[in-house]
Every structure is written in C-alpha cells, then in structure tokens.
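Beneath this line is the structure, given in structure tokens, with notes to follow.
Just so it is clear, none of the values below were taken in a lab; they were calculated from the coordinates. Keep in mind that this is a model prediction, so the values were computed, not measured. Note: ideal-geometry Cβ built from the backbone for every residue, glycine included; neighbour counts use all protein chains shown.
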Amino acid sequence: MTNLTFLGSCREIGRSGFFLQEKDESFLVDFGVKFQNPPAFPPSVPLDELQGIAVTHAHLDHSGGVPIILSGTDASLFCTPATQDLMILLLRDMLKIARGRLPFTSKDIARVRRQCVTSAYEETLPIGHHFEMTLFNAGHIPGSAIVSVRCNGKRILFTGDFNALESRLNHGARKNLPKHDIVVTESTYARRRNPDRQKIEQELVDTVIETLERGGTVLIPAFAVGRSQEIMCILESYDIPRKYPIYVDGMARKVNDILVKHPEYIGSPQAFGRAVSRSIIVQDSQDRREAIESGGIIISPAGMLKGGASHFYFKKLHDDPKNAIILVSYQIPGTPGAELVASKQVDVGNRTYKVTADVRMHHLSSHSDSVGLISMLENIPGDPEFYIVHGESESCDALAEQLEGLGKTAHIPEVGEKVSF
C-alpha cells in the first residue's frame, strides 16, 4: 500500500510539497516556501529511506525548501537541466535577501548541483526499488515539468503549475498524457478566464509605441524568470528593438544567460536569441542613467514592484505623464504593484509616491485558466481521482465543483492529510 501525504499548498499558494511512501522507501515531489515572516516551509519528513525528490519547476514556492531536504540526505534530486540552473539562481538570491536567516546555508544550496540527476522530458527513470518517474512538459516556465510517478502498480500525476497554451516563450503543456489513477492538480486560476493572449500582446505593444512616440520612457516591472523573457520575445516579434532601445536589468540578465544555454526548453530558441542579442544589458549606474534618458523600454524585476532594480527606475520615472509603467502579471493585494493599479499612489521605502506616469495593466498569465484547467484535466485517461491544491480556497472549491459536474471524483485535501491506495 502506498501512502500520499499532502505537506502544503492545500487551499493556499506556497510551500508546495507531497510525500509518497511505499513499503520501506519514500519519495518527495516539491518542497517549497511561503513568504511570510518568518518564511514557512512544509513540515519535516523522515529522510532515512528517502530515495529522491522531484522538483516541478524553479519557482521558490515549489523549490525554496529543497536545500533543507538535501542537507539531511544523500538522496538524488530530479528535475530538468533548466530547472536545476534556475533553482540555484533563485535559492542564492533568496539566501542573500534573507541575509542568512534561513534554515539552510550556501553549502546546502551547493548540494542542488552535486546531488541532482537531470532528466529530459519523456524520460522514465527508476528510483529505488518501488518508484519510477517521468517528466512531461508543463508549459509554465522554461524547464517546468508535470511529474508522473509509478508505484504499487498505480500512476500518480503531479501537475505542478501548468499552462496548456503556447506563448512566445514556451510550448504549451503536453496534452495527450498517459493513463493515470490519481492526479494532484493546481487550481490557481480556476475562477478566472484569461483574456485572448494575442489581444493582450497587441494592447501591450500599442501602449509601448504610444508612450515612446510621445517622448516617454516605458518601465515594465516583470518577474525575472519567464515573464521578462516573454516580454522580450513579444517586443522582438513586433520588431520593436529595431526602432527603440530595450534595456534589461536585475536578475533577468542572469536568467537570460541560463536560458540561452538551454534552448531545448524554449519555444523558439532563434527568436529568443534574437531578442537577447538586440537588447542592452544594464551593467552599472551609467547604463541605468542612459536607460532612463533614452526614451526606450526598460524590463526589470521585481514584477510587483516589491524590490529589485525596478524600484530605482520607478522613482525616476513615476512623476512624468509622458512615461508609462506597464504591469504584466497578477499583483497580489498589499504589494506596491497592487497599490499602483488601485490608486496610482505607492509606498516605496519610507516615502509615498503619487504617480502621474501612465499606469497600464496587460496581464499575461503563465497558468491555465478555468477553461484550460478543465480541458487538460478531463482528457487524462484512466478516470483518475483528483486532489486539488495550490489555489485560494474558493479556487479549489470551484475546480472541484467543475470536475464533479463532469462525473469525476474530486477531493480538496488538508495540510498533513494522508491518503492510501
């Protein structure tokens, strides 16, 4: 009999973690962090018989606690090569921001590379005596994976975060998945319909051109992993770099370097390569001054204006109505980005800024919406039971109701809940 324990991300987003036990062996999928004060990690698990840990993708809500696990075991870490490199980058940044106040050290982060066994999509790996693992493309960010685990004659699918739609950066998630008995699925946007992606891209480009033609500068605060690169690819597809300078700052610069080394995880490596080669990488304060004065486009983390180089640019550009600040992702309530959208007034540091620059929201999602979730999940063969996680409580309820309306069996587990099969 196999036991599955839900360690986190139940009726919440953050600290994803799932623990499988079969006889005298165990296996983990994800071990993330939820950012609060102090940061919250999934509960500890016994490591003596741990055969390995699979990470769906590099975002810290799925990978942020991995060094805690590796510090206590020689078990292998399994993920795609792109996820390995991106995860190390994000973990190092997390430790730097926390100034060492985390339950792991830089030596533990070094174990990520030392203990990692990278896997390509569609490759099946035996793990211990009782487990087999296969990764499928999740379409969320470059290198993201849906994890399929076989044990005790059953197949369990962990979707992680997925997006079935193709974007300028990513191929969509694999849709024709094999038969599974259990599916553990995200539900982030189970109550949302995403706007047409082509329409959002066109509106984004229109805002950029409108701003530049009136002599303004465009600031696009964007997530370092995935969103910054997608914006670069969109602008490249409309030939914007030929007419206006595009500056890339913050951690997005290092992410670009990583992804150039992993072209197999990019939808169009050629287009991405052109976008990178035609952008200007900000190296120092002189480059930042040039970016502000250039009448061009600045792409810089953080995506919700919570920190990073985007703070510097915001302070310089916020008070000129010729300029535009374009937000391209969901803004969590309480973040500076959410304040900006709601009131055009933002608290940054110890000062309140009243914003006269044009503020626009052009939301590009990396998650499947309610239609995409159902379309993907209802077509998984084998009439699986569904366990719904990684969403606000209302989103979990909505997805469960939709699946049950299609005659499926759906559960919403609690943190620490254990199921056997």
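Worth a mention:
- Gained length - Val260 relative to Arg214, 0.36 nm times residue gap less alpha-carbon distance: 13.2 nm
- Taking a straight line from the alpha carbon of Lys322, these lysines sit under 17 Å away, with near neighbours fewer than eight places off in the same chain left out: Lys344, Lys354.
- Protection proxy ranking, peptides 39-49, 211-221, average beta carbon neighbours within 10 Å, highest first: 211-221, 39-49
- Of the peptides 132-145, 92-105, 196-209, the order by per-residue mean of other Cβ atoms within 10 Å, starting with the highest, comes out as 132-145, 196-209, 92-105.
- DSSP bridge orientation in the stretch 197-361 - percent antiparallel, rounded to nearest 5: 20 percent
- If both residues of a DSSP beta bridge must be in the chain, then about 50% of such bridges are antiparallel.
- For the stretch 350-384 versus the stretch 163-198, the inter-centroid distance based on Cα atoms is 11 Å.
- Cα-based reach from Lys408 at 16 Å (exclusive), listing lysines while leaving out same-chain residues under 8 positions away: Lys179
- Take 404-410, 326-332, 20-26 and order them by the average number of nearby Cβ atoms within 10 Å per residue, most first; the result is 326-332, 20-26, 404-410.
- Extension gain, Gln202-Glu293: 0.36 nm per intervening residue step, less the Cα-Cα distance, totals 30.2 nm.
- Residue exposure sequence - Tyr244, Tyr265 - by fewest surrounding Cβ within 10 Å: Tyr244, Tyr265
- Overall form of the stretch 181-260 per C-alpha gyration tensor (a/c, 1.5; a/b vs b/c): oblate
- Residues within the reach of a label modelled at Leu406 (point 7 angstrom out along Cα to beta-carbon, backbone nitrogen below 19 Å), restricted to the stretch 166-209, are 166, 172-194.
- 0 to 90° range, to nearest 10: angle between helix 81-97 axis and the chain longest Cα axis: 70 degrees
- Computed from label points 7 Å out along Cα-Cβ, the spacing between Asp181 and Glu123 is 2.7 nm.
- Order of Tyr189, Tyr238 - criterion: other Cβ atoms within 10 Å of each residue's Cβ, fewest first: Tyr238, Tyr189
- Pairs beyond 32 Å (Cα-Cα), from Lys107/Lys315; Lys199/Lys316; Lys175/Lys243; Lys154/Lys306; Lys96/Lys175: Lys107/Lys315; Lys175/Lys243; Lys154/Lys306; Lys96/Lys175
- Förster-model FRET efficiency, 22 Å R0, Lys344 and Ile97, C-beta, rounded to 0.05: 0.20
- The stretch 209-275-the stretch 34-82 distance, computed between alpha-carbon centres (Å): 30 Å
- Shape call, the chain: gyration tensor on alpha carbons, a/c limit 1.5: prolate
- Taking the inverse of the mean 1/r over every pair of distinct Cα atoms in the stretch 238-298 gives a Kirkwood hydrodynamic radius of 12.4 Å.
- The chain: relative contact order in percent, alpha carbon pairs under 8 Å with at least 6 residues between: 18 percent
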